[in-house]
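Report on one structure; see the data block that follows.
Values in this text are rule-based calculations from the coordinates and carry no lab data. This one's a predicted model, so the numbers in the text were calculated from it and none came from an experiment. For neighbour counting, all protein chains shown are included, and Cβ atoms are generated from backbone atoms with ideal geometry for every residue, glycine included.
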Amino acid sequence: MFEPGASQAAGLRAALPAGGASLVPLASPAQPVQAFDWLCTLAAELQAAGQPVAVIDGTAAETGAPLGLLHALNDPSVAHLGHPADHPEWLVMPGAQGLGSLVSTAAVAGAGAALSRLLAPFAAGVLVLLFAAPVTLVSLLGGLPAHALVPVIAQPQAAIDTYATAKLLHLHGLRPVLAPATLQGPLAQTTASVVDCAHRHLGAELAVWPAATWASRLPDAALTRPDIQAWGSAAASAAPAAPALWS
């Protein structure tokens with residue numbers, strides 16, 4: 001229980017059966033507030049399709065919150081979070097400190113162990129949307145075969161920032177997916193520009209999931225509690241340093 005990156009709660013939950021909750025990482029922009037409408041639309045689309053949802057806002061401090069991620073990770077009495085009967089809309093948890101703890105777990109025991117620890121407090125069937133900075137996502141999940149959604153939103157230098165995020169995720173073994181709320185007007189141009197840059201500079205064919213497909217695609221693409229040994233080996237082989245963001 002005194003090993004770095006571990007906790008008593010993590011040990012007590014180790015006997016939980018495989019399966020349960022699942023996770024989709026979402027890359028926040030440099031100014032997270034710019035993507036909050038996008039995030040709410042995503043959660044609403046999933047819930048309208050009958051998918052229980054919980055949101056971890058890794059950009060939000062946990063100080064003063066009634067229940068933050070760090071508390072949920074360290075308190076074994078916290079369980080079944082996100083159950084629809086308890087949350088008629090969706091649960092939103094601040095998670096900056098909790099994610100810091102999970103990044104430490106990933107550094108010591110591998111990304112698979114960190115992911116298993118993250119999902120342990122949530123109810124079976126809940127889809128956890130992890131909204132966090134791209135650097136945090138690669139530190140936590142680098143090397144895992146995870147689809148990571150990249151919001152395509154109206155913001156200054158949208159194409160540059162979106163491409164930089166997709167590149168960072170791609171070069172750390174994740175699978176960036178562009179997720180525009182609409183494929184009309186400027187967002188369509190931004191999406192096409194990022195796809196073209198990724199093809200020419202990275203040799204990567206980025207997937208594009210418009211809003212109408214989120215509810216059907218995300219549950220199938222989500223990460224579940226992994227085979228920790230296999231995924232830990234994959235994480236260990238991931239690139240250790242963040243590359244330049246534009247090429």
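In square nanometres, what is one fourth of the surface area of the convex hull spanned by the alpha carbons of the stretch 8-236?
Numbers: hull surface 47.3 nm².
For the stretch 8-236, averaging the hull's shadow over all directions gives 11.8 nm².
Treat the count of other C-beta atoms within 10 Å as a stand-in for reagent exposure and order ILE153, ILE160 from fewest to most. Mind showing how you got there, number by number?
Values: ILE153 20, ILE160 15.
Listed from fewest to most nearby Cβ atoms, that is ILE160, ILE153.
Can you sort TRP38, TRP209 by how many other beta carbons sit within 10 Å, fewest first?
Values: TRP38 22, TRP209 17.
Fewest-to-most ranking of TRP38, TRP209: TRP209, TRP38.
Return the tail of the calculated pair distribution for the stretch 107-236, meaning the percent of Cα-Cα pairs more than 21 Å apart.
On the way: 3589 of 8385 pairs.
Summing the P(r) tail past 21 Å for the stretch 107-236 gives 43 percent.
Provide the three semi-axes, in whole Å and in decreasing order, of the ellipsoid equivalent to the stretch 43-131 as defined by the square roots of 5 times the Cα gyration tensor eigenvalues. Kindly include the intermediate steps, with their values, before the conclusion.
Numbers: eigenvalues 92, 40, 30 Å².
With the √(5λ) rule applied to the stretch 43-131, the semi-axes are 21, 14, 12 Å.
Taking H as built 1.01 Å from N, whose amide H comes closer than 5 Å to the amide H of MET93, not counting residues under 5 places away?
VAL55, ILE56, ASP57
If packing is taken as the average number of other Cβ atoms within 10 Å across a peptide's residues, how do 172-182, 198-208 rank, most packed first?
Highest mean packing first, the order is 172-182, 198-208.
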